[in-house]
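Working notes, structure below.
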Ligand SMILES: Cc1cc2nc3c(=O)[nH]c(=O)nc-3n(C[C@H](O)[C@H](O)[C@H](O)COP(=O)(O)OP(=O)(O)OC[C@H]3O[C@@H](n4cnc5c(N)ncnc54)[C@H](O)[C@@H]3O)c2cc1C
């Protein structure tokens, strides 16, 4: 393995100073389930690896404050999927976290690492998009709040600036009731990234938010506020036309080893329709 310095700062300010000094030569280590693989295969060759796990301010935790749920940067998927507040208000995020990798992976993998890795296939991304999450970042210029839809650029690239790290991900607790469902397709359960990952959320005001990933350079979000998608009795042709407009945002790569573009597009339609029907059902049943 390539040689690098391993640093364990005690504070966010120290971590920011290291990241600012080294720029792209520094890499943050959270759970390491993405980074360690890249260090091993040589696709990442940082001079410095900055472990966040000694920073008390980033300790694992999920807390409710000022109408938001804040998930700290080192909180792992196992804890997110089991958390009662996440399950009550953000059920599709709990579901997405519960299918990431395997038990061993979920015990290490953080939500912040999942989005910062910026894989188009990141399972939590569609749920964070439909729930309108905010990424809280700390950097040389102080703290900054980034809407999740403005966070992803393309595979491996986010809008984090030099010296910035993610300290938390926040989710607004909804005033209105809603139902949401996460769906994914993989070749093998537990050992593979999704060929398609979808999340759909329908709320009491009949707004439908549908997000999907693994079918283009970054996960994307579409909103229907006409009420048509949320209404199963609406004209089927109109509903199909809206869904087709949403799916037109997909542009799967022909070079992927996981699935052909044709298969991904076909599965996107199937999973998108399934997630929509499931979300409407959950809304009617009164569960998120
Ligand atoms: C066998 C296996 C199966 C997997 N299955 C899935 C799956 O089903 N679905 C899925 O979505 N993913 C899957 N993954 C990918 C991985 O587990 C997730 O992306 C995980 O959430 C990454 O979190 P981490 O804490 O391990 O990140 P790390 O590996 O520690 O970091 C990942 C990247 O994010 C950066 N980073 C981490 N934390 C921060 C921060 N706070 N601020 C700024 N940058 C940061 C790191 O520098 C690095 O570039 C799998 C991985 C493996 C090895």
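None of the figures in this text is laboratory data; all of them are computed from the coordinates on show. Model, not experiment: these values are computed from the prediction. Note that each Cβ is placed from the backbone with ideal geometry, even for glycine, and that neighbours are counted across all protein chains shown.
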How large is Rg/Rh for the range 76-227, to two decimals, with Cα atoms and a Kirkwood Rh? 0.95
Semi-axes of the equivalent ellipsoid for the chain, please: Cα gyration tensor eigenvalues, times 5, square-rooted, ordered largest first, whole Å. 33, 21, 16
Here, residue 231 and residue 105, labelled 7 Å along Cα→Cβ, have an inter-label distance in nm of 4.1
Which whole-number percentage describes the relative contact order of the chain, with Cα contacts under 8 Å and a sequence gap of 6 or more? 17
Can you tell me the 0 to 90 degree angle between the C-alpha axis of helix 236-247 and the longest principal axis of the chain, rounded to 10? 20
Round to a whole angstrom and tell me the spacing of the C-alpha centers of the range 81-132 and the range 9-28. 25
Between helix 261-285 and the chain: long-axis angle, C-alpha atoms, 0 to 90°, nearest 10: 70
Three semi-axes of the equivalent ellipsoid, the range 203-277, Cα gyration tensor, whole Å, largest first: 25, 12, 9
Could you work out the percent of alpha carbon pairs in the range 5-51 separated by over 12 Å, rounded to a whole number? 59
Place a point 7 Å from the Cα of residue 256 in the direction of its beta carbon; the residues of the range 91-106 whose amide N falls under 17 Å from it are 100-101
Roughly how many whole Å is it from the C-alpha centroid of the range 53-76 to that of the range 145-189? 15
Once both label points are put 7 Å beyond Cα along the C-beta direction, the residue 141-residue 176 separation in nm becomes 3.5
Taking just the alpha-carbon atoms of the range 1-135, what radius of gyration and Dmax come out, in angstrom? 15.3, 45
Starting from 0.36 nm per residue, how many nanometres of slack lie between residue 11 and residue 48 once their C-alpha separation is accounted for? 11.7 nm
With N denoting the number of residues in the range 64-139, provide Rg(C-alpha) divided by 2.2 N^0.38 Å, to two decimal places. 1.02
Report, for the chain, the % of DSSP beta bridges that are antiparallel, rounded to 5. 85
I'd like the FRET efficiency for residue 1 and residue 88, computed as 1/(1 + (r/R0)^6) with the beta carbon distance as r and R0 of 51 Å, rounded to 0.05. 0.75
Using alpha-carbon coordinates, inclination of helix 12-22 to the longest axis of the chain, degrees: 80
For peptides 232-243, 66-77, sequence by mean Cβ density within 10 Å, most packed first: 66-77, 232-243
